Amino acid sequence: MKQLDGKIAIVTGAAGGFGEGIARLFVAEGARVLIADLDLAKAQKVAVELGPNAKAHHCDVSSSADVHAAVQACIDAFGPPDIVVNNAGITHRNQPMLDVDEATFDRVFNVNVKSIYYMAQAVVPLMRERKGGSIINIGSTAGIRPRPGLTWYNASKGAVNLLSKSMAAELGPDNIRVNAVCPVMGATGLIEQFLGAPDTPENRAKVVAGIPLGRMSTPEDVAGAVLYLASDAGRFITGVELPVDGGRTI
């Protein structure tokens with residue numbers, strides 16, 4: 001038996017990077033998955049590769065209307081979601097904190113934090129009706145051990161990490177589990193912004209030097225942790241802030 005047989009999931013930002021890795025593992029483990037992403041063409045490509053148990057939907061997670069429409073698309077295609085992975089995220093370029101303009105600050109918080117508010121508004125009532133669910137928010141080691149240059153991004157991920165715990169405490173009586181998975185930097189589409197420099201072996205080496213296991217994170221690393229928290233294996237786990245970081249936050 002597969003770990004997510006019969007489960008229905010929404011994964012945001014699932015057209016690439018960590019989100020794509022999560023969607024692929026979920027489908028392999030028996031789930032039906034709505035791939036919600038700003039880039040519909042890429043999302044459709046992933047959905048086609050994954051087959052009938054995946055469906056692509058355009059979604060800007062910083063838009064309440066888009067998030068609610070994505071949840072409705074999931075209901076229409078597969079049914080109400082048992083699992084929601086709030087993975088979509090952005091950053092600002094690594095730079096002095098005062099150099100980040102207000103529009104960029106707002107975009108980081110709207111995509112990384114307010115999106116979870118919108119998703120909660122859309123899915124918590126459905127999960128309450130069904131007396132259970134699992135919400136997994138992709139936080140970051142940046143919200144545990146912040147470093148200069150990404151101050152406002154770090155703050156947004158600190159909010160994600162903490163709100164996950166608060167949601168878990170409040171929604172526990174409804175049998176809704178909420179957890180945060182906190183990756184260290186991976187070779188995703190945001191890497192040059194995180195580095196604030198070209199993506200070269202030398203610049204990657206500076207990051208890897210701070211990771212005891214000696215490499216960056218991969219989509220497979222993150223997906224494995226998310227699968228555990230989404231599955232019955234993690235049925236008594238809620239409110240955790242799980243670093244997937246090769247020891248970066250030690």
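Read the figures in this text as sums done on the coordinates, not as results from a lab. No experiment lies behind these values; they were computed from the predicted model shown. Note: ideal-geometry Cβ built from the backbone for every residue, glycine included; neighbour counts use all protein chains shown.
Applying 0.36 nm per residue to the separation of residue 68 and residue 107 and subtracting their alpha-carbon distance, the gain on full extension is 12.1 nm. Per residue, the average separation of C-alpha pairs within less than 8 Å and at least 6 apart gives the range 8-244 a relative contact order of 21 percent. Counting Lys and Arg as +1 and Asp and Glu as -1 over every other residue whose Cβ lies under 11 Å from the Cβ of residue 38, the net charge comes to -3. Our coupling estimate for the range 174-190, obtained by passing each phi through the Karplus curve with A = 6.51, B = -1.76, C = 1.60 and θ = phi - 60°, is 8, 6, 9, 8, 9, 9, 10, 10, 10, x, 7, 3, x, 7, 9, x, 9 Hz, Gly and Pro reported as x.
Taking Lys and Arg as +1 and Asp and Glu as -1, the other residues whose beta-carbon sits under 15 Å from that of residue 109 total -1.
How much net charge surrounds residue 93 when only the other residues with a Cβ under 12 Å from the Cβ of residue 93 are counted, with Lys and Arg +1 and Asp and Glu -1?
-3
Note on the chain: GNM, Cα springs under 10 Å; of 137, 154, 86, the largest mean-square fluctuation is that of 154. Taking the Cα centre of the range 8-244 as origin and assigning +1 to Lys and Arg Cβ atoms and -1 to Asp and Glu Cβ atoms, the resulting dipole is close to 440 debye. In the structure displayed, which of 7/157; 114/206; 7/42; 55/157; 131/157 lie more than 26 Å apart, Cα to Cα? Pairs exceeding the cut-off: 7/157; 114/206; 55/157; 131/157. Taking other Cβ atoms within 10 Å as a rough exposure proxy, 74, 182 sort from fewest to most as 74, 182. Overall form of the range 95-250: oblate. Here a/c, set by the Cα gyration tensor axes a ≥ b ≥ c, is 1.5 or more, and a/b is not larger than b/c.
Packing order of peptides 66-73, 210-217, highest average first: 66-73, 210-217 (average count of other Cβ atoms within 10 Å over each peptide's residues). Modelled spin labels at residue 152 and residue 209, positioned 7 Å past Cα toward Cβ, are 2.9 nm from each other. If R0 is 45 Å, the Cβ-Cβ spacing of residue 45 and residue 233 corresponds to a FRET efficiency of close to 0.90. Dividing the helix sum by the residues of the chain, where each DSSP H run of 4 or more adds -39500 (n - 2.57), gives a mean residue ellipticity at 222 nm of -13000 deg cm²/dmol.
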